[in-house]
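Nothing in this text is a laboratory measurement; each read-out follows from the coordinates by a stated rule. Here the structure is a predicted model, which means the values were calculated and not measured. Cβ atoms come from the backbone with ideal geometry, glycine included; neighbour counts cover every protein chain shown.
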Amino acid sequence: MKNLTQVDFYVTQYAALTELNLLIAKISAKAFNQQERVFILCQNRSHAEELDNALWAYQDISFLPHSLIDATPTNLSVNPILLSYEEKSPQENGILINLSLTIPSWYQQFKRIIETVYENNKTLARQHYTFYKDAGFSVKSHTI
């Protein structure tokens, strides 16, 4: 059964990881304010830890409740924003922010997927875009 209804690609000129992490923090904050659960799949442990720090420091006057997990079902947090670098199903059904180099096999359990497009990953992003379109999902691009 497909829960997935939409795939959004956020196209940005950002190149530095700190700028990309800020973009992910903004997207996560918007989802949190809309009471959505977010699962962020990072490329590796180092990136997950950097993004974890960026979410803690996102704004001085607010807090984004999140956890860095290893994505095993026994370690899932009650926090609405989860970060991982392992491609194991988190058994979530909210929003997947896919920062990984691959599309996880369990992507269909989410009702929405967000991918980022920036200077260093345009070829990969095109492949992901084609995959989702060919699978019949609604795909939109947003230039920021």
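Straight-line cross-link partners of residue 111 among the lysines, defined as a Cα under 17 Å from its Cα and at least 8 positions apart when in the same chain: 2, 30, 133, 140.
Within the listed set 60, 52, 134, the residue fluctuating most in the Gaussian network model of the chain (springs between alpha-carbon atoms under 10 angstrom) is 60. Placing unit charges on the Cβ atoms only, positive for Lys and Arg and negative for Asp and Glu, gives the chain a dipole magnitude near 540 debye about its Cα centre. For residue 116, neighbours were defined as the other residues whose beta-carbon sits under 15 Å from its Cβ, and their charges (Lys and Arg +1, Asp and Glu -1) total +1.
Close amide-amide hydrogen proximity is noted between residue 9 and 115, 140, 141, 142, each under 5 Å apart and 5 or more residues distant or on a separate chain (H modeled in the peptide plane; Pro and chain starts excluded).
Dipole of region 6-143 computed with +1 at Lys/Arg Cβ and -1 at Asp/Glu Cβ about the Cα centre; of 64, 13, 128, farthest Cα towards the positive end is 128. Per residue, the convex hull spanned by the alpha carbons of the chain comes to 104 Å³.
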